[in-house]
Amino acid sequence: MSLDSLLLNIPLLEPLQYGFMQRALVVAVLVGIVCAVVGSYLMVQRLALLGDAISHSVLPGLAIAFLLGVNIFIGAFIAGILSTLVIGWIRTRSPIKEDAAMGIVLSAFFALGITLITVIQKSNKIDLNHFLFGNILGVTGSDLRDTAIIVAVVLATVVVLYKELLFYTFDPLGAEAVGLPVNLLNFGLMALIALTVVASLKAVGVVLVLSLLITPGATAYLLVPRLHQVMMLGALIGVCSSVSGMFLSYWFNLPSGPAIVLVVSGLFTLALLFSPRHGILTHPAPPSRSSLWQEIRGLLK
């Protein structure tokens, strides 16, 4: 019995008889792993906005790379790195705080990218909107190759620099005091984020990639206490969400990026409600702790 015949006999696996679904499955696994691993550092450092800034900032790089006829992944990575340098320059050369600098760069780069894409689509009659919201079912062989290379580089870097990044993430001042190159570590982490965003473009797009960067790690954080556990469980959650969203996209003709994000958001909601350690329903807030609803009721009395 051939593989295609075997897949046809198992309804759940039937879509995998198609080459585009097989490529999408591999990309879903790769993206689910790398986003959770790198996103764990973002979550611990409370830098979710930075991930959002970088993800939106790659858009003009995509458009310019397309115009020049070069690999769009290269253009996206360069734009992502440039955005982090601009954020750092604004933060160090002005009284503007980092969060404000991120917001400024995010909106400016994203607006430039949308403008360039609109101009390109007018003259070339092609659809570049999949860069915004993802299209994992449209992954090509070259996309798969590029994604696999990026994921391998990112994961290898994390393994090699795990202790240094761990120290820097939890105690930047202590890391600087013991002589670690904190500026290089910070720039390296930004580069890893940019590469992760680039690897996730075809899966969820620049608009939704933040969810895949943050939500799996946040879900795991509600369930396990240590960073390496958060990374491993987050990777599992990311893979399950990406694969599930991919199949939902195929079966119900849904946009792939939003389908993946809805799945991972649903898993986070379940963990938030029922986590054995932090669940809202399993560990209700103490009566003495003030809540928003209590304060609203107090104002209405």
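The values are calculated or read from the model by the stated rules, or taken from the named source; none is laboratory data. As the structure is a prediction and not an experimental result, all values here were calculated from the model. Here the Cβ is made from the backbone with ideal geometry for all residues, glycine too, and neighbour counts use every protein chain on show.
Odds and ends about this structure:
- Just so you know, in the stretch 130-160 the residues that are crowded, with 17+ Cβ neighbours inside 10 Å and either charged (D, E, K, R) or out of contact with any helix residue (DSSP H, G or I) (no Cβ under 7 Å at 6 or more places or on another chain) (or both) include one that is nearest to Gln45 (Cα to Cα), and it is Asp146.
- Selection from the stretch 16-28 of residues that are in a helix (DSSP H, G or I) and either free of Cβ contacts under 8 Å to residues at least 40 places away in the same chain or out of contact with any Ser or Thr (no Cβ under 7 Å at 6 or more places or on another chain) (or both): Leu16, Gln17, Gly19, Phe20, Met21, Gln22, Arg23, Ala24, Leu25, Val26
- For the stretch 199-212, the criterion of being touching a residue at least 60 places away in the same chain (Cβ under 8 Å) and more than 23 Å from Thr147 (Cβ to Cβ) is met by no residue.
- Odd one out for Thr219 among (1) crowded, with 24+ Cβ neighbours inside 10 Å; (2) over 28 Å from Leu16 (Cα atoms); (3) touching a Gly at 6+ places or on another chain (Cβ under 6 Å): (3)
- Pair list, Cβ under 7 Å, 6 or more apart: the stretch 60-77 residue crowded, with 22+ Cβ neighbours inside 10 Å, other residue assigned to a helix (DSSP H, G or I) and of a type in the set (D, E, K, R): Phe73/Asp146
- Verdict on Pro255 being touching a residue at least 24 places away in the same chain (Cβ under 8 Å) and over 18 Å from Gly138 (Cα atoms): no
- Selection status of Gly75, modelled with pLDDT under 90 and assigned to a helix (DSSP H, G or I): no
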